[in-house]
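Laboratory data are not the source of any read-out in this text; all were calculated from the coordinates shown. Not measured: the values here are computed from a predicted model. Counting neighbours? That spans all protein chains shown, and the Cβs are built from the backbone with ideal geometry, glycine included.
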Amino acid sequence: MGMGDLYRGSDHNYPGRRGFVMPEYEIYALKYAGPLRSSGAFLMWLRDWDTVEERNYYIWCIKGNGETVIVDTGVSPDLAREKDLAGYVSPAEVLSRIDVEAEEVRRVILTHIHWDHASGTSLFPKAMIYVQEREYRFWLEDRIAKRPPFKYVTDETSLTHLAALEKTDRLVLLKGDQEILPGIECLFAPGHTVGLQAVAVKTAKGTAILGSDCAHVFKNYREDWPSALIVDLVGWMRTYEKLRARASSIELLFPGHDVLMHEHYPAVAEGVTRLV
Ligand SMILES: [Zn+2]
């Protein structure tokens, strides 16, 4: 695929255009479920067994330069019902509170294909879906992905939906780091899954990174300690070094499930906070 395809739909600020100024974006966290409680050992690998910690479930919205990019799709209403997911509101409903119509969204980045990040993909029927090829091939083609511990963290409906997308022009399989719009770059960041991608975003405060479940909570980054769900610990350590080097500060490196993203940032609507 050529650059023309990657930048499809953007009429302004194409990098080749004269007088090009790197755009800046704002990032919103949209809570679609939670809080859920578990042992702290879920959030801090092999530690904090006796504590009880809370986590929320989010998707993110990057806005600016006339673009709206959604990061992850959350959980579909059907799967939320099946899992009896506490505090669930459809991601489409949460997006409508900041005037984003899920059905009209043009770009969705999937960080990884766990059920809580990818099962809402059918809520975005017109979007181009950007996912790492390594991640996509693993979940759809590797027989290891059908074994119990992997089946436990994904769901069949998402996989069927994602498999069908390959026959359309709505799926973009990325091979490593790739900018998808000026100032928005997908970064290959394995460790939590075989092909997780983080998203580096140019903002008024510098480069912010949506790390998704590279870390579940800010504390993972602060203490250089992963959460429990890791498929490759060495890979995770390298990924963390890479993301830390790219983010303008550690405060601009955002985790996947921290309740602080909901509680410690300015609310712009119910369940929606502006991270930067
Ligand atoms: Zn997650």
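Helical runs assigned H by DSSP (4 residues or longer) give the chain a calculated mean residue ellipticity at 222 nm of -6000 deg cm²/dmol, each run adding -39500 (n - 2.57) before division by the residue total.
Note on Ala245 and Met22: the model spin-label points, each 7 Å out from Cα along the C-beta direction, lie 1.7 nm apart.
Between Glu156 and Asp84, the C-beta separation translates, for a Förster distance of 25 Å, into a calculated FRET efficiency of about 0.90. Scoring 88-96, 185-193 by mean Cβ neighbours within 10 Å over their residues and listing the highest first yields 185-193, 88-96.
Rounded if a/c is under 1.5, else prolate if a/b is larger than b/c, else oblate: which is region 43-94, with a ≥ b ≥ c the root eigenvalues of its Cα gyration tensor? Because a/c hits 1.5 or more and a/b fails to exceed b/c, region 43-94 counts as oblate. Full extension of the chain between Lys167 and Glu223 yields a length gain of 15.8 nm, computed as 0.36 nm times the residue separation minus the alpha carbon distance. Here Lys83 is the anchor, and the aspartates and glutamates within straight C-alpha reach of less than 18 Å, apart from those fewer than 8 places off in the same chain, are Glu54, Asp116, Asp155, Glu156. For Met128, the residues whose modelled amide H falls within less than 5 Å of its own, excluding neighbours fewer than 5 places apart on the same chain, are Arg107, Val108.
When you filter the trypsin sites (Lys or Arg not before Pro) in region 61-105 for DSSP loop state and at most 16 other Cβ atoms inside 10 Å of their Cβ, you are left with Arg97. A protection proxy built from the mean count of other Cβ atoms within 10 Å ranks the segments 264-273, 23-32, most packed first, as 23-32, 264-273. Computed packing ranks the peptides 131-144, 99-112 as 99-112, 131-144, most packed first, by mean other Cβ atoms within 10 Å.
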